[in-house]
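The values are calculated or read from the model by the stated rules, or taken from the named source; none is laboratory data. Because the structure is predicted, anything quoted here is derived from the model rather than measured. Cβ placement follows ideal geometry from the backbone for every residue including glycine, while neighbour counts extend to all protein chains displayed.
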Amino acid sequence: MELVAADLISRARAGDGQAFKRLTEPHRRELQVHCYRMLGSFQDAEDALQDTLLAAWQGLAGFEGRASLRTWLYRIATNQCLNAKDWNIPKFEPPEPTRLGEVVWLEPFPDALFDGALGVPSGPEARYEQTESISLAFVTALQVLPPRQLAVLILRDVLGFHASEVADMLDSTVDSVTSALKRARASLQRRQPAVAGREPPPAPESPAEDAIVAKFVSAWESADLDALVALLTDDAFISMPPMPFGYEGRDVVVGFCASLFGAGRRFDLVPTRANGQPAFGAYLSAPAGIRHGTGLYVLTLAGGRICAMTRFDNSVLPWFGLPRSLPSR
């Protein structure tokens, strides 16, 4: 295997694009997910991935093999994302948000693109399960961390790189990495108090999850507010990035849904999955004529109930293979 890799590196350095593709393709998806965790935006992650591959292609002559190719690519990807965050975010510790829904640039990530690409931990020090590490709640909480703390936490606690490896990736020291990780963990814990006390969600696509999803679809499509109330936790929350509006508390969420269903509006839901969670394309029903897509709803589950709904606008529907509209019945 090492001889094959060495041959591919040699050929890629000589300008063989196909050899470079063979070298990097096994890491492409997990690098895309890594960029998504850091940036919180599906589109920005794709841009960062392309910049990473371009930088790797241009800098392959400088790859000395002291670390694995995968580690080298993670170094490039991490720094590409840090550069992007430095461009978009002022260099100061962000204030405490009133609610995590204030991360207005958040975008969903299609489950179909994971395909085993969440980034297999490279060491025993990873603290987060793969499904948790891509959940909307976790990715949202990451976005309010200072950029370098964010990078350190992902590389150490999600991917399991050793402190010395992370220090090398970030041109830093082990002491600096350890300090940044300690601050990042403390900040994440402060920002997610409710999450820590919740029941864990049922396993993805399990009978328990399917039962909750079926009840939600029935309640939503029939505008049955009583059935919806029975499905929500007391602290249920709905957010709608890129709009900075959030609605917290079961009664408030149900009031929002009541206004949505007003004037006899009804919706058809088409199932999909985002961030390891149940999701639905929502289409405004019409007695006769085309049903137009109004957005994508992603459900966050706690035990046997729904603790959050995140609604994204209809521009994200094609990422999930969903049409902008459905034909009339």
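Summary of computed values
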item	result
Where a residue in region 230-248 is free of Cβ contacts under 8 Å to residues at least 40 places away in the same chain and its partner, wherever it lies, is of a type in the set (A, V, I, L, M, F, W, C), with Cβ under 8 Å and at least six apart	Tyr247/Phe237; Tyr247/Ile238; Tyr247/Val253; Tyr247/Phe256
Residue list for region 211-226, filter: free of Cβ contacts under 8 Å to residues at least 40 places away in the same chain and in contact with a Phe, Trp or Tyr (Cβ under 9 Å, 6 or more places away or on another chain)	Leu225
Arg183 being over 25 Å from Leu69 (Cβ atoms) and at pLDDT 95 or above	yes
Residue match in region 12-32 (condition: modelled with pLDDT under 95, surrounded by fewer than 14 Cβ atoms within 10 Å (Cβ to Cβ), within 30 Å of Pro204 (Cα to Cα) and within 26 Å of the chain's Cα centre (by Cα))	yes
Filter result for Gly289 (assigned to a loop (DSSP other than H, G, I, E, B) and either within 27 Å of the chain's Cα centre (by Cα) or not hydrophobic (A, V, I, L, M, F, W, C) (or both))	yes
Region 253-292 - residue that is among the polar types (S, T, N, Q) and within 19 Å of Ser239 (Cβ to Cβ) and, of those, modelled with the lowest pLDDT	Ser259
Options Leu188, Leu155; residue that is out of contact with any strand residue (DSSP E or B) (no Cβ under 7 Å at 6 or more places or on another chain), crowded, with 19+ Cβ neighbours inside 10 Å, under 30 Å from Gln80 (Cα atoms) and at pLDDT below 90	Leu188
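So that you can scan it fast, the table gives a plain yes or no per residue for (1) surrounded by 19 or more Cβ atoms within 10 Å (Cβ to Cβ); (2) modelled with pLDDT of 90 or more; (3) within 13 Å of the chain's Cα centre (by Cα); (4) not hydrophobic (A, V, I, L, M, F, W, C):
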position: Trp87; (1), (2), (3), (4): no, no, no, no
position: Pro108; (1), (2), (3), (4): yes, yes, yes, yes
position: Asp111; (1), (2), (3), (4): yes, yes, yes, yes
position: Ser122; (1), (2), (3), (4): no, no, no, yes
position: Glu132; (1), (2), (3), (4): no, no, yes, yes
